[in-house]
Every structure is written in structure tokens, then in C-alpha cells.
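K.L.:
First the structure, which I've put down as C-alpha cells, then a few questions once you've had a look.
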Amino acid sequence: MMRLLRVGGRLVFYPFFFFIAVSILIGPFLAIDDIRTMLQYGTPTGSVYLFMIGLCSFFLYLSIRIETLSWIYTKWPILWPILQMGLFMLIGLGLGATFLNSWAEHNFPSKGFAIFLAIVSFIGVRVLMSWWFHRHPASSLFANRRAM
């Protein structure tokens with residue numbers, strides 16, 4: 001029964017994981033396009049980035065925490081650092097797009113302050129990512145575990 005549950009969980013999880021991985025890799029480019037559109041035309045775009053960040057973070061947490069789902073990182077060791085970098089970039093640009101969307105939709109905060117918040121969120125996440133990869137180099141935990 002447990003084996004059937006594991007196989008069923010994998011069959012349900014991996015299509016969502018593929019969608020999440022693609023969303024993490026494409027999401028920053030979509031955020032850049034939304035930021036450009038908001039600054040150029042002053043019209044709001046969809047504000048889905050906070051939901052997207054939360055959903056992607058949750059699925060990455062599940063993929064690393066549940067032992068039967070983490071085999072994908074042993075098969076492709078570079079996948080975990082790439083997804084981390086993509087998630088960091090999505091967080092920075094998604095927060096910036098959320099601030100600018102708030103300006104375009106509600107005129108609060110002002111345009112200059114919204115641009116300032118977007119730049120600060122992007123730079124803050126880049127600094128955090130630099131610190132994170134200085135502390136934990138971009139080699140997969142699973143590749144290091146295999147060498148032991």
C-alpha cells in the first residue's frame with residue numbers, strides 16, 4: 001500500500017514540478033516585461049508574483065524535504081542551484097513588479113518611491129543571493145552526499 005502511495009504521489013508531483021521549474025526559469029523574464037510595460041504605459045498588469053513565489057517555494061521545499069521526491073537532484077545535480085538562482089531572481093523582480101503594480105493601480109506609493117522600492121528589492125535579493133552562494137557554494141547537496 002505504501003509503495004502504491006509513493007508511486008501515485010510521484011505521478012501527481014512531477015508534472016507540477018516540471019511546471020514549477022519552468023515557471024521559476026521563465027518568471028523573471030515575465031516580471032521584467034511587466035515592469036517595462038508598467039513604466040512605459042503606466043497601466044497595471046496582473047499581480048500574481050507573490051502567489052507564484054509562494055507556490056514555487058512550496059514545491060521546491062517539498063521536492064527537497066520528501067526523500068522519495070529528491071532523487072531528481074541526484075540525477076541532475078546542477079538542477080538545485082539553478083532553481084535556487086531562478087527563485088531568488090523571481091523574488092527580487094516579483095517584489096519589484098508588485099511595488100510598481102501597486103503604484104500603477106492605486107497611485108500609492110508614488111511613482112518615484114515605487115521605482116526606488118523595486119530597485120532596493122532587486123539589489124537586496126542580489127546581495128542575499130551573493131551571501132547565500134558564498135556561504136553554500138553552487139554545488140548540490142546531493143552531489144556532495146554521493147561523494148561520501
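The values are calculated or read from the model by the stated rules, or taken from the named source; none is laboratory data. Since the model is a prediction, treat every value here as computed from it, not as a measurement. We place every Cβ from the backbone using ideal geometry, glycine too, and count neighbours over all the protein chains shown.
K.L.:
Might you let me know whether the stretch 31-53 holds any residue that is out of contact with any helix residue (DSSP H, G or I) (no Cβ under 8 Å at 6 or more places or on another chain), in a helix (DSSP H, G or I), under 30 Å from F13 (Cβ atoms) and charged (D, E, K, R)?
P.N.:
Yes: the stretch 31-53 contains one or more residues that are out of contact with any helix residue (DSSP H, G or I) (no Cβ under 8 Å at 6 or more places or on another chain), in a helix (DSSP H, G or I), under 30 Å from F13 (Cβ atoms) and charged (D, E, K, R).
K.L.:
Does F99 fit the bill of being modelled with pLDDT of 95 or more and farther than 21 Å from M52 by Cα?
P.N.:
The answer is no for F99.
K.L.:
Mind checking whether some residue in the stretch 94-110 is out of contact with any Leu (no Cβ under 6 Å at 6 or more places or on another chain), within 19 Å of F18 (Cα to Cα) and either of a type in the set (D, E, K, R) or free of Cβ contacts under 8 Å to residues at least 40 places away in the same chain (or both)?
P.N.:
no
K.L.:
Still on this structure, I have one more. Exactly one of (1) surrounded by 14 or more Cβ atoms within 10 Å (Cβ to Cβ); (2) small (G, A, S); (3) at pLDDT below 95 is unmet by S23. Its number?
P.N.:
For S23, the exception is condition (3).
K.L.:
May I ask you to list pairs of residues, at least six apart or on different chains, whose Cβ atoms are under 6 Å apart, with the first in the stretch 112-132 being within 11 Å of F99 (Cα to Cα) and at pLDDT below 95 and the second being crowded, with 18+ Cβ neighbours inside 10 Å and charged (D, E, K, R)?
P.N.:
Matching pairs, first to second residue: none at all.
Conditions (1) surrounded by fewer than 20 Cβ atoms within 10 Å (Cβ to Cβ); (2) of a type in the set (F, W, Y); (3) in contact with a Phe, Trp or Tyr (Cβ under 8 Å, 6 or more places away or on another chain), marked per residue:
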| residue | (1), (2), (3) |
| --- | --- |
| F16 | yes, yes, yes |
| L39 | yes, no, no |
| L50 | yes, no, no |
| M89 | no, no, no |
| L95 | no, no, yes |
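K.L.:
May I pose another question? Taking the residues in the stretch 91-139 that are among the basic types (K, R) and over 16 Å from the mean Cα position of the chain (by Cα) as candidates, determine which candidate is farthest from S47 (Cα to Cα).
P.N.:
R135
K.L.:
Please work out which one of (1) touching a helix residue (DSSP H, G or I) at 6+ places or on another chain (Cβ under 7 Å); (2) exposed (fewer than 12 other Cβ atoms within 10 Å of the Cβ); (3) not aromatic (F, W, Y) is the condition L11 fails and give its number.
P.N.:
Here L11 meets the rest and fails (1).
K.L.:
Please determine, by comparing only the residues of the stretch 65-80 that are touching a residue at least 40 places away in the same chain (Cβ under 8 Å) and part of a helix (DSSP H, G or I), which one is surrounded by the most Cβ atoms within 10 Å (Cβ to Cβ).
P.N.:
Checked the stretch 65-80; the qualifying residue surrounded by the most Cβ atoms within 10 Å (Cβ to Cβ) is W80.
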